[in-house]
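Down below is the structure, laid out as structure tokens.
The values are calculated or read from the model by the stated rules, or taken from the named source; none is laboratory data. These figures come from a predicted structure and were not determined experimentally. All Cβ positions, glycine included, derive from the backbone under ideal geometry; neighbour counts span all protein chains shown. The accessibility values were calculated without ligands, DNA or RNA, using every heavy atom of the protein model including side chains. Shrake-Rupley method; radii C 1.70, N 1.55, O 1.52, S 1.80 Å.
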Amino acid sequence: MLSSTNSENPAPISTSFLECSVTEPRKELQGSRDAHVSYLIITKTNSPLFTRPECKVRRRFSDFVKLQEILSRLNEDCVVPPLPAKHKLEYIKGNRFSDNFIYRRASLLNRYITRCAFHPVLHRSPHFIAFLENPNWNNYVRYFIQPKLNTTSKLDEFSDSLLNAFSKLKEEPTEFDIQRDHVQQFMLGISNLETSIQRIVRLEKTLETDYEDVSAQFDRLASLDQTLEIPVESIHQALQKTGEEYSFLIEKLTLLLDTIKDVQSYAQSLKELLKRRDQKQQDVEALQEYSSKLSLERDKISSGGSNGFSFSKTFDDLRGVDHNDSRLKRLEQVQSELQAVEQAIQEASIVHEAFNQRVREESKLFDNVRQSEMLSAINDYANVHVEFFTNIRELWLHAKQ
């Protein structure tokens, strides 16, 4: 079966398996201008698409960025998982190489690879496979992939999106309208949850500082009264360790916040896919509208109606133009153009319907992944607090003795 070392995602039934993990981040070329962090990617599989059953390669973050661009540009009908945001506060503070930042990024990159490995289309992409096993990834991109990317510029894609952004669908299919509303409501709920947890984290940081302050005060009190030294020292230690437990709790909740933000970004990817689906429908509708105009013009010409402004007709009379011959030529031209447009409508409709089906499949896949990851995050949230309060209880029971 298709699987991953990250158990958050359920695996579809299959005869092959694909296990990927991102681990062992390592600082490279420290002190130089090209200082960076590399991540070890371990892949185990029995898929015939791979050249060997186990692969180990190291990739830096920019390699992941290039893979993301490739998968997004060449798989527009898929929900390509998002990468963790590159521009974070840690960059501004100069903490890009801090252990905490590197660990958090490695965890998010592991989830990214897991999602790609779980995806029924992306995991078969030769470019994803090359990323996992080709030791010469940069040369592969330069000579095999970049020419394909250059054939369709980002400017062209942006222009198409911009043009369609100012037009509305004539008829919004109910199922996709419901999906869009569902995704929007989910993203709003995730955003509200993130805000609430951030508020709790800020309060817990304050409690951590307060416990440290109270612990210091008890320490001073013990030095002033030797008769209270033993019991006060016990309380001092309990307060100090309570502050440390809050620090550990905050660290784990920060990882939970990373997961929540990542799921929100994943939902945004589905939202963008729904927008691309709308663009396919708008292509069909634009062709249909043009076909209607051509049909009206054909009927007008066939009925012998005026073929232009009166000034043009007068000018043609002066030139001795045969209006009947001109009308027949124009009719032939419009009919030929109409046939071409009708053919284009058929082709665009096929593409549109195929895209619709892919969107349905992608939506189901997203729901499965989202539910699995959110359930895992909720369980982690509960376990973190069970561990925290258990440790706090043990601390104060010991202090009481």
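Can you work out the base-10 log of I(q)/I(0) for segment 18-145 at q = 0.12, 0.16 1/Å, using the Debye formula on its C-alpha atoms alone?
-0.46, -0.81
Which stretch or stretches of segment 244-258 have amide N atoms under 11 Å from the point lying 7 Å from Leu193's Cα along the Cα→Cβ direction?
The answer is 257.
Apply the Karplus parameterisation 6.51 cos²θ - 1.76 cosθ + 1.60, with θ equal to phi minus 60°, to every residue of segment 180-189 and state each ³J(HN,Hα) to the nearest whole Hz, in sequence, with x for glycine and proline.
3J(HN,Hα) across segment 180-189, in whole Hz: 4, 5, 5, 5, 4, 5, 5, 5, 5, x.
Quick one: with all protein chains in place, what share of the accessible area of segment 18-145 is carbon or sulfur, to the nearest percent (1.4 Å probe)? It would help to have the intermediate numbers written out before the result.
Details: 3100 of 6170 Å².
Carbon plus sulfur share of accessible area: 50 percent.
For Asp262, what charge total do you get from the other residues with a beta carbon under 10 Å from its beta carbon, if Lys and Arg give +1 and Asp and Glu give -1? Mind dumping the intermediate values first?
On the way: positive: Arg111, Arg115, Lys261; negative: Asp258, Glu373.
Net charge in that neighbourhood comes out at +1.
HN-Hα J couplings of segment 273-290 from phi, Karplus 6.51/-1.76/1.60, θ = phi - 60°, integer Hz, Gly and Pro as x?
5, 5, 5, 5, 5, 4, 5, 5, 5, 5, 4, 5, 5, 5, 5, 5, 5, 5
What accessible area per residue comes out for segment 18-145, rounded to a whole number of Å², with a 1.4 Å probe?
Working: 6170 Å² over 128 residues.
For segment 18-145, the per-residue accessible area is 48 Å².
Would you please put 34-40, 113-119 in order of how densely packed they are, using the mean number of other Cβ atoms within 10 angstrom per residue and starting with the highest? Working shown, then result.
Numbers: 34-40: 15.3, 113-119: 24.9.
Those peptides, ordered most packed to least, come out 113-119, 34-40.
Work out, step by step, the length gained on full extension between Ser295 and Thr51: first 0.36 nm times the residue separation, then minus their alpha carbon distance; give nm to one decimal. Let's see the in-between values first.
Details: separation 244, 0.36 × 244 = 87.84 nm, distance 5.63 nm.
82.2 nm is the gain from fully extending Ser295 to Thr51.
Output the relative contact order of segment 18-145, whole-number percent, from Cα pairs under 8 angstrom with separation of 6+ residues. Kindly include the intermediate steps, with their values, before the conclusion.
On the way: 158 pairs, mean separation 35.3, N = 128.
Worked out over segment 18-145, it gives 28 percent.
Go ahead and run the numbers for FRET between Gln217 and Arg393, Cβ-Cβ distance against an R0 of 30 Å, rounding to 0.05.
Details: r = 23 Å, r/R0 = 0.77.
Calculated value: 0.85.
What are the ³J(HN,Hα) couplings of segment 297-303, residue after residue, when phi is run through the Karplus curve with 6.51, -1.76, 1.60 and θ = phi - 60°? Round to Hz, x for glycine and proline.
Each residue's phi maps through the Karplus curve to give 5, 4, 5, 5, 5, 4, 7 Hz.
With +1 on each Lys and Arg Cβ and -1 on each Asp and Glu Cβ, and nothing else charged, work out how big the dipole of segment 18-145 is about its Cα centre, in Debye to the nearest 20.
Details: 21 positive and 12 negative charges, 70 e Å.
Taking the Cα centre of segment 18-145 as origin, the dipole is about 340 debye.
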